[in-house]
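Q: Got a structure for you, questions after.
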Amino acid sequence: MIMKKIQILIAFFCLISMTAFGQAWSDVQLAEKPVFTSIEEALKTPDAVYRLNLSEQNLTEIPESITAFTDLNELILSKNDLTSLPAFICDFV
């Protein structure tokens, strides 16, 4: 059941990344962008965050600080303990 929720969440973020976040990149262009694995490091240069991998960080909720990443195209949240979408997600749509 949790895996299904995570899959829905990932699909939701894929949709958001193409509509609400900054420029959509091709797979090749996106692959050239660095992958941030820490919110703290990413917040130092939020305009440079296109890819954010927060997998395996024991998250129980999506950090609201991701709203600072206006050019985010890829968000990976696998292997966490997420159970719901926060209200601020509506701000992206």
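Q: Give the residues of the stretch 10-53 that are within 13 Å of the chain's Cα centre (by Cα) and modelled with pLDDT under 60, sorted by residue number.
A: 10, 11, 12, 13, 14, 15, 16, 17, 18, 20, 21, 22, listed by residue number.
Q: Could you list, in sequence order, all residues of the stretch 69-83 that are surrounded by fewer than 18 Cβ atoms within 10 Å (Cβ to Cβ), among the acidic types (Asp, Glu) and either modelled with pLDDT under 90 or not in a loop (DSSP other than H, G, I, E, B) (or both)?
A: Of everything in the stretch 69-83, just one residue is surrounded by fewer than 18 Cβ atoms within 10 Å (Cβ to Cβ), among the acidic types (Asp, Glu) and either modelled with pLDDT under 90 or not in a loop (DSSP other than H, G, I, E, B) (or both), namely 71.
Q: May I pose another question? Among the residues of the stretch 54-64, write down those that are open to solvent by 40 Å² or more (accessible area, probe 1.4 Å) and under 11 Å from the mean Cα position of the chain (by Cα).
A: Listed by number, the list holds a single entry, 64.
Q: If residue 38 meets every condition in (1) free of Cβ contacts under 8 Å to residues at least 12 places away in the same chain; (2) open to solvent by 70 Å² or more (accessible area, probe 1.4 Å) apart from one, which number is that one?
A: That leaves (2) as the condition not met.
The values are calculated or read from the model by the stated rules, or taken from the named source; none is laboratory data. If you're wondering where the values come from, they're calculated on a predicted model, not measured in any experiment. Here Cβ is always computed from backbone atoms with ideal geometry, including for glycine, and neighbour counts include all displayed protein chains. Keep in mind that these areas ignore ligands, DNA and RNA; they rest on the heavy atoms of the full protein, side chains included. Shrake-Rupley method; radii C 1.70, N 1.55, O 1.52, S 1.80 Å.
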